[in-house]
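See structure below.
The values are calculated or read from the model by the stated rules, or taken from the named source; none is laboratory data. Note that the structure is predicted; figures quoted are calculated from it, not measured. All Cβ positions, even for glycine, are placed from backbone atoms using ideal geometry, and neighbour counts span all protein chains on display. When the accessible area is computed, the model is the full protein with side chains, heavy atoms only, and any ligands, DNA or RNA have been set aside. Shrake-Rupley method; radii C 1.70, N 1.55, O 1.52, S 1.80 Å.
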Amino acid sequence: MTLWVMAVLVSAPLELDSVLGSTRQHYPKLLAAEEKVDEARGKLLGNRGVFDLKLGADAGRDVLGFYERNEASVGLKQSLSFGGIALSGGYRYGEDFPPYDGKLFTSDQGEGFLKANIPLWQDRAIDARRLGVRVAEVEIDLAQLSLRQTELEILGKATTTYWKWVATGQKLEIVERLLKLAETRQQAVERQVQQGSAPEILLRDNMRLIVSRRGQLVGARRDLREAALQLSLFIRDGEGTPILPDDNQLPEEFPEPIALETGDLNVHLEALPETRPDLLFFEQVLQRLAIERRFGENLGAPTVDVSVEASQDAGDSVFYGSSSSERSINETELGIGLTFELPIQRRKGRGEVMRTSAATRRVQADLDLAGQEANTELRRAFVRLNAAREQVDLDREAYQLSLQLEEAERRRFQLGQSNLLFVNQREITSADDASKVIEALRNYQEAVAFYRVARGVWGSGIGVAP
């Protein structure tokens, strides 16, 4: 188990951009997703190895028998990435073969040769080697889309965690204000009791409020500490160690909410097929299945290969055969061959076509549903975003009225026209309304994050602060 020491960050107010920047660079789940992209790239590099230029050599000799048969060769082999063509060429030497193997004879300085194998039907457009390369290329795209989706989800989580920390800090200030009001009032009540204008029980009643609000302050500080610990998972130093934000880094206020226009929504809805990583993921899967289907169709085609080989001996002429049929072997030679093969039942190719066709229909159905869900999700995000902005205005209005009523009740208490119970109720109502404003602002920022995730683009394209 890895142990880490949490650092404490003490500096200027912590901005959301800093949190998201640290998350992008150091969050472990994102780093793991990036490694999957590198894994896919490594697989592609390995699959491309089937087209590597190969150097080969062999040698042989008969140690028993009438003919000694000495032969050796060295050459290069290259499979091309187009047309299924395979080339080979090099140098070979052979001597003392039976007459029926006369083609293996070479001059005393050996023979150079060049050979090409060209498929005319099966394996011409695609073969197993090119299938592996093309599928590996698609796998890279899939890994990158998976990385984008993971990044969206994590940035959304980091954003909501950040605003929870900010909201918890501001709620702590509300509790501190409540306590300060009670403590200030205690001094005034003490003077009134000493002057005989207020009963002593009022002093104890207000002290009870002070003790109760001190308990609330303990809970508020605990909540802020927990929120900071959760946020520390998204703030890390260069070595990836979580950094605990300090209370003095809390921003003073939330950004001002901004409405999103219906025209913006329509533009974003039209762009969903190009912006949502999950929809693009399905598209890439369909592309991979199309490649695999082509390969299945290829397996059902007949094999018709043409081979062409040319050779030329070096050095002086050498003759072989009987005296009546001696031939020189230093002549230029050119040979052509044709290979034909047809799988009668073609079950392998038919099975692959059947599999990929069914898989294509299944993935297409999943894509259609995912597109409909993405459309609905973005519309819901739009409704949530604008409703959250309207809620901020309403809660702010209610809070201002609560403050006015609280102040009026406090003046009546000072004039002896009210009691501590009513004053306490007004203060609590104002505090609750202040908390509602904070929650409304927090909900708005979370709605912004939800809208960005629903779009599939984490940017400032919706007219709000990132």
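For the subset of the stretch 169-215 comprising residues that are more than 60 Å from the chain's Cα centre (by Cα) and small (Gly, Ala, Ser), which member is nearest to GLN230 (Cα to Cα)?
Here the residue is ALA188.
Please tell me if GLU256 is part of a loop (DSSP other than H, G, I, E, B), among the acidic types (Asp, Glu), open to solvent by 50 Å² or more (accessible area, probe 1.4 Å) and more than 30 Å from GLU377 (Cα to Cα).
Working: part of a loop (DSSP other than H, G, I, E, B): yes; among the acidic types (Asp, Glu): yes; open to solvent by 50 Å² or more (accessible area, probe 1.4 Å): yes; more than 30 Å from GLU377 (Cα to Cα): no.
Taking the combined requirement at face value, the residue does not satisfy it.
In the stretch 205-237, how many residues are outside any helix (DSSP H, G or I) and of a type outside the set (Lys, Arg)?
Start the filter on the stretch 205-237 by keeping residues that are outside any helix (DSSP H, G or I), which leaves 233-237.
Adding the requirement that they be of a type outside the set (Lys, Arg) leaves 233-235, 237.
Count: 4.
Of the residues that sit in the stretch 380-410 and are within 28 Å of THR262 (Cα to Cα) and among the polar types (S, T, N, Q), which one is least open to solvent (accessible area, probe 1.4 Å)?
Residue satisfying both the conditions and the ranking: ASN386.
With the requirement that a residue be open to solvent by 80 Å² or more (accessible area, probe 1.4 Å) and in a loop (DSSP other than H, G, I, E, B), what does the stretch 238-253 give you?
Filtering the stretch 238-253 for residues open to solvent by 80 Å² or more (accessible area, probe 1.4 Å) gives 239, 247-248, 252-253.
Correct list: GLU239, GLU252, GLU253.
Specify which of the listed residues (ASP123, ASP141) is buried (at least 21 other Cβ atoms within 10 Å of the Cβ) and within 40 Å of the chain's Cα centre (by Cα). Let's see the steps before the verdict.
Details: ASP141 fails: buried (at least 21 other Cβ atoms within 10 Å of the Cβ).
Only one candidate passes the filter, namely ASP123.
Just one of (1) in contact with a strand residue (DSSP E or B) (Cβ under 9 Å, 6 or more places away or on another chain); (2) modelled with pLDDT of 95 or more; (3) of a type outside the set (A, V, I, L, M, F, W, C) trips up ARG276, so point out which.
(1)
I need the full set of residues from the stretch 126-138 which are of a type in the set (Asp, Glu) and either open to solvent by 30 Å² or more (accessible area, probe 1.4 Å) or at pLDDT 95 or above (or both), in order please.
Taking the stretch 126-138 first, the residues of a type in the set (Asp, Glu) are 127, 137.
Within the stretch 126-138, just GLU137 meets the criteria.
Here is a list of conditions, (1) buried (at least 16 other Cβ atoms within 10 Å of the Cβ); (2) at pLDDT 80 or above, and LEU76 meets all of them except one; can you say which number that is?
(1)
Scan the stretch 126-164 residue by residue and report those that are touching a Ser or Thr at 6+ places or on another chain (Cβ under 8 Å) and β-branched (Val, Ile, Thr).
Within the stretch 126-164, the first condition is being touching a Ser or Thr at 6+ places or on another chain (Cβ under 8 Å), and the residues that meet it are 129-130, 133, 154-155, 158.
Residues satisfying the conditions are VAL133, ILE154.
How many residues does the stretch 345-378 hold that are farther than 16 Å from ASP278 by Cα, open to solvent by 100 Å² or more (accessible area, probe 1.4 Å) and of a type outside the set (S, T, N, Q)? Write out each step before concluding.
Filtering the stretch 345-378 for residues farther than 16 Å from ASP278 by Cα gives 345-361.
With open to solvent by 100 Å² or more (accessible area, probe 1.4 Å) added as a condition, the list becomes 345-348, 350, 354-355, 361.
Keeping just the survivors that are of a type outside the set (S, T, N, Q) gives 346-348, 350, 354-355, 361.
The qualifying residues number 7.
Which of the residues belonging to the stretch 106-120 are open to solvent by 20 Å² or more (accessible area, probe 1.4 Å), farther than 21 Å from PRO302 by Cα and not aliphatic (A, V, I, L, M)?
If the condition is that a residue be open to solvent by 20 Å² or more (accessible area, probe 1.4 Å), farther than 21 Å from PRO302 by Cα and not aliphatic (A, V, I, L, M), then ASP108, GLN109, GLY112, PHE113, LYS115 are the ones that fit.
Is one or more of the residues making up the stretch 174-189 open to solvent by less than 30 Å² (accessible area, probe 1.4 Å), hydrophobic (A, V, I, L, M, F, W, C) and in contact with a strand residue (DSSP E or B) (Cβ under 8 Å, 6 or more places away or on another chain)?
Among the residues of the stretch 174-189, not one is open to solvent by less than 30 Å² (accessible area, probe 1.4 Å), hydrophobic (A, V, I, L, M, F, W, C) and in contact with a strand residue (DSSP E or B) (Cβ under 8 Å, 6 or more places away or on another chain), which makes the answer no.
Within the stretch 282-334, restricting attention to residues that are of a type in the set (Val, Ile, Thr), outside any strand (DSSP E or B) and at pLDDT below 95, which residue is nearest to ARG347 (Cα to Cα)? Break it down into steps so the answer makes sense when it comes.
Here is the first cut: in the stretch 282-334, the ones of a type in the set (Val, Ile, Thr) are 285, 291, 303-304, 306, 308, 318, 329, 332.
Checking which are outside any strand (DSSP E or B) leaves us with 285, 291, 318, 329, 332.
Of the ones still in play, those that are also at pLDDT below 95 are 318, 329, 332.
Numbers: VAL318: 52, ILE329: 47, THR332: 44 Å.
So, considering only residues that are of a type in the set (Val, Ile, Thr), outside any strand (DSSP E or B) and at pLDDT below 95, the one nearest to ARG347 (Cα to Cα) is THR332.
List, please: which pairs have Cβ atoms under 6 Å, are six or more places apart or on different chains, and start with a residue in the stretch 330-353 that is in contact (Cβ under 8 Å) with a residue 24 or more places away in the chain and end with one that is of a type in the set (A, V, I, L, M, F, W, C)?
LEU334/ALA310; ILE336/VAL308; LEU338/VAL306; PHE340/VAL304; LYS348/LEU299; GLY349/LEU299
Taking the stated definitions as given, is SER435 closer than 30 Å to ASN298 by Cβ, over 26 Å from the mean Cα position of the chain (by Cα), in a helix (DSSP H, G or I) and of a type in the set (S, T, N, Q)?
On the way: closer than 30 Å to ASN298 by Cβ: no; over 26 Å from the mean Cα position of the chain (by Cα): yes; in a helix (DSSP H, G or I): yes; of a type in the set (S, T, N, Q): yes.
So SER435 fails the test.
Using beta carbons and a limit of 7 Å, which pairs, at least six apart or on different chains, have the first residue in the stretch 146-157 and under 24 Å from SER232 (Cβ atoms) and hydrophobic (A, V, I, L, M, F, W, C) and the second one outside any helix (DSSP H, G or I) and open to solvent by less than 50 Å² (accessible area, probe 1.4 Å)?
Note: pairs meeting the criteria are LEU152/GLY456; LEU152/TRP458; ILE154/TYR27; LEU155/TRP458.
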